[in-house]
Each structure stands twice: as structure tokens, then as C-alpha cells.
Amino acid sequence: MPIDDEHTLHVRYMCHLPAPGETIENPEIVPSEIVPIWDADGKYVLDLVPHQDHMIWIAQGAITDRSTETLNSIDVGVIMSRKMLDEQIHIVQDGGDPINTFRDPAENQCIVLPQEDSFFPGDDRRGGPFADDRRGTPDVMAELSTAYAHRGETS
């Protein structure tokens with residue numbers, strides 16, 4: 001999340017399914033850690049993929065002068081992203097809500113993904129905060145099944 005024009009806060013969320021019979025001490029306390037980006041010598045810590053992501057973000061430097069940039073047809077995604085961001089900034093400046101802002105609780109429903117029930121899609125182990133809340137077929141799978149059924153196919 002943005003902190004200011006040149007800094008962001010990156011939060012990584014991970015879940016742990018307790019092993020059968022494992023008890024969690026102080027479950028009301030959410031464990032957290034601050035992962036160092038640099039080692040004691042001031043070099044990037046690159047032992048994990050998220051650390052490599054940090055290095056890429058940091059290596060870009062502060063705000064870049066894009067006025068001399070030359071984009072071409074292969075950069076269409078960059079162009080579209082910047083155009084959408086600019087449009088959303090103007091909407092907010094004019095007092096509106098940016099895209100994907102849902103203030104009505106009826107429109108702000110949980111999108112069930114396979115990860116929310118287990119570590120991997122197809123893994124039948126259940127646990128964590130959804131242990132007693134079977135939410136049914138993940139929305140993504142349900143939409144695929146509906147699309148295939150509509151065409152007379154099976155997924």
C-alpha cells in the first residue's frame with residue numbers, strides 16, 4: 001500500500017493449517033515479522049522470491065521521468081494500465097469512488113478461491129478460520145463449470 005509518493009508498505013499474508021492434534025498457543029495473537037531487505041553488509045537479501053521482488057522494486061528508484069520514454073505496440077499493457085490509473089485519479093479528484101470500491105455490504109461479498117479452503121486446489125484438508133464454514137465450490141470453479149455446461153461440455 002502506498003505510504004507516500006516514493007514508498008510502499010508490502011504485506012505478505014500466509015496461513016498455517018495446524019497438524020491434527022496441534023494446538024496453537026495464544027490464538028488471539030497474530031504472529032508477524034519484519035523481513036530484512038538488506039543484510040549486515042548492506043547487500044540485498046535474495047534468498048527468497050519475495051526478496052527478489054523487493055530488489056526489483058527498489059532498483060527502479062524513486063519517481064522516474066517518463067517524458068523521454070518511447071513506448072511502442074509491445075507496451076500496450078503499460079499504456080492501458082497508465083491510462084486506467086490516470087482515469088481513476090481524476091475520478092477521485094472529482095470526489096468519486098475509484099473502480100472496485102464497494103460501499104454496499106450486499107455488493108461486498110467474499111469471493112471464494114480454492115486457497116481459502118486448503119493449501120492447494122484439490123487438497124481436501126480443511127482448517128484455519130474456515131474449518132467450520134464450508135463455503136461450497138470456489139466461485140472460479142463454479143463459473144468454469146457453468147461456462148462448460150452452457151456449451152454442453154464437461155470440465
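Values in this text are rule-based calculations from the coordinates and carry no lab data. The structure displayed is predicted, hence computed values, not measured ones. For neighbour counting, all protein chains shown are included, and Cβ atoms are generated from backbone atoms with ideal geometry for every residue, glycine included.
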What nm value, rounded to one decimal, do you get for the distance between residue 48 and residue 109 when each label is placed 7 Å out toward the C-beta?
3.5
Over the C-alpha atoms of the range 1-111, what are the Rg and the largest Cα-to-Cα span, Dmax, in Å?
20.3, 61
Cα gyration tensor of the range 1-64 - equivalent ellipsoid semi-axes, whole Å, descending
31, 15, 11
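As an exercise, identify the chymotrypsin sites (Phe, Trp or Tyr not before Pro) in the range 1-68 lying in DSSP coil whose Cβ has no more than 12 other Cβ atoms within 10 Å. Could the numbers behind the result be given before it?
Numbers: sites: 13, 38, 44, 57; in loops: 13.
Sites meeting the loop and neighbour criteria: 13.
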